[in-house]
1. Looking at (1) aliphatic (A, V, I, L, M); (2) at pLDDT below 95; (3) within 16 Å of the ligand (Cβ to nearest atom), which one does L135 not meet, given that it meets all the others?
2. Among the residues of the range 142-175, count how many are in a strand (DSSP E or B) and within 15 Å of the ligand (Cβ to nearest atom).
3. Restricting attention to the range 152-201, report how many residues are at pLDDT 95 or above, more than 27 Å from E37 (Cα to Cα) and of a type in the set (D, E).
4. List pairs: first in the range 149-161 and more than 17 Å from K91 (Cα to Cα), second within 16 Å of the ligand (Cβ to nearest atom) and at pLDDT below 95, Cβ under 6 Å, 6+ apart or cross-chain?
5. Test G279 against the criterion of being free of Cβ contacts under 8 Å to residues at least 60 places away in the same chain, over 24 Å from M161 (Cβ atoms) and touching a strand residue (DSSP E or B) at 6+ places or on another chain (Cβ under 7 Å), and give yes or no.
6. Please report, ordered by residue number, the strands (runs of 3 or more DSSP E) entirely within the range 31-138 with at least 2 residues that are charged (D, E, K, R).
7. Being modelled with pLDDT of 95 or more and away from the ligand (no atom under 16 Å from the Cβ) narrows it down to one residue among E50, E72, E83; which is it?
8. Picking from V184, V203, which residue would you name as being in contact with a helix residue (DSSP H, G or I) (Cβ under 8 Å, 6 or more places away or on another chain) and surrounded by fewer than 18 Cβ atoms within 10 Å (Cβ to Cβ)?
Amino acid sequence: MRTIITFSVLLLTLFSCKQKEKESKSKQTQISKVSSEEIGEVQIVTQGMEFFVADTLYSGWNKLTYKNDSPEVHFILMDLYPEGKNAQNTKEEVLPPFEEGMKRIMDGDMNNAILAFGKLPEWFQKVRYMGGTGLISPENTAKSTVYLEPGLYIMECYVKMMDGSWHTSHGMYKQIIVTENKTVLRPPKATAHVNISSTKGIVLKDSVSSGKQIFQVQFEDQTVYEHFLGHDINLVRYDDSVELPNLLQWLNWMNPTGLRSPAPKGYTFLGGMNNLTGGATGYFEADLTPGNYVLVSEVPAADDKKLFYKFSITN
Ligand SMILES: [Cu+2]
């Protein structure tokens, strides 16, 4: 009798194992059917002056993997547009004042530049910046995780070409619809924490070593500086040969040579977190090797604003 019971238990166990195996196999099939939009993995590539990226994404956490296959430095900024506005409005109402303003700056005529920027439509003030990547050098990949609310976005890069014209004017703006459907992505586990604010500047709160690091960026607040934009974080590696003030000059788009190709030599831009609203959190990752680094905002006179934090990795 005991043998029969034992045998039955064994059979049951075997059966339930088989069943579990089946279930797990069917789960695996289900997982492979989940779309990349639902997983929240967003691949973006630039080869010239464009963004190759899906035109529809899910809302919630999204990991942007931005491969810069072009010869210029770029970044990604996610602009959440107010209701009823789209890429057509960018083209007709936003690009012309920026183009005219930049031409005036190149002529050294700041008064008329300000007048030109004054022609920006009122709704443009209602654009909300939802993060993106920091500046990224050619042949590098930026990885940032951002929380996207549903809505119509313009993904943009406003670095300038050699002649001072904006990358946006050459095609680096792309309309993306973020739907009510949510991704399954969870925010990554950070290895280092960075705080940024208009009063305390950039503060790296952990010591960082070489290898893959995931930075969690906490925007304590956000504000508008003299360049009409807020603060962000760019991770930059620099050679011993360089002088940092020349990077700070370059990081001000209002300088005729600022944010313009070619980027100053001796620096490698490794991504970061673009403008977020106060209270928001974003993540970016980078593979670090021993050397000198700076976390810096793309704002005029970042050092005076303490939006500048140097650190070194020795091991
Ligand atoms: Cu660009």
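The values are calculated or read from the model by the stated rules, or taken from the named source; none is laboratory data. Nothing here was measured: the structure is a model prediction, and the numbers come from that model. Reconstructed Cβ throughout: ideal geometry from the backbone, glycine too, with neighbour counts over all protein chains shown.
1. Just one mismatch for L135, condition (2).
2. Of the range 142-175, the ones in a strand (DSSP E or B) are 142-148, 151-156, 160, 166, 173-175.
Subset that is within 15 Å of the ligand (Cβ to nearest atom): 142, 154-156, 160, 166, 173-174.
Going through the range 142-175 one residue at a time, the tally reaches 8.
3. So the count comes out to 0.
4. M161/S261
5. Details: free of Cβ contacts under 8 Å to residues at least 60 places away in the same chain: no; over 24 Å from M161 (Cβ atoms): yes; touching a strand residue (DSSP E or B) at 6+ places or on another chain (Cβ under 7 Å): yes.
Considered against the rule, which asks whether it is free of Cβ contacts under 8 Å to residues at least 60 places away in the same chain, over 24 Å from M161 (Cβ atoms) and touching a strand residue (DSSP E or B) at 6+ places or on another chain (Cβ under 7 Å), G279 comes out as no.
6. 56-68
7. Working: E50 fails: away from the ligand (no atom under 16 Å from the Cβ); E72 fails: away from the ligand (no atom under 16 Å from the Cβ).
Testing whether each residue is modelled with pLDDT of 95 or more and away from the ligand (no atom under 16 Å from the Cβ) leaves just E83.
8. Working: V203 fails: in contact with a helix residue (DSSP H, G or I) (Cβ under 8 Å, 6 or more places away or on another chain).
Checking each option against the conditions leaves just V184.
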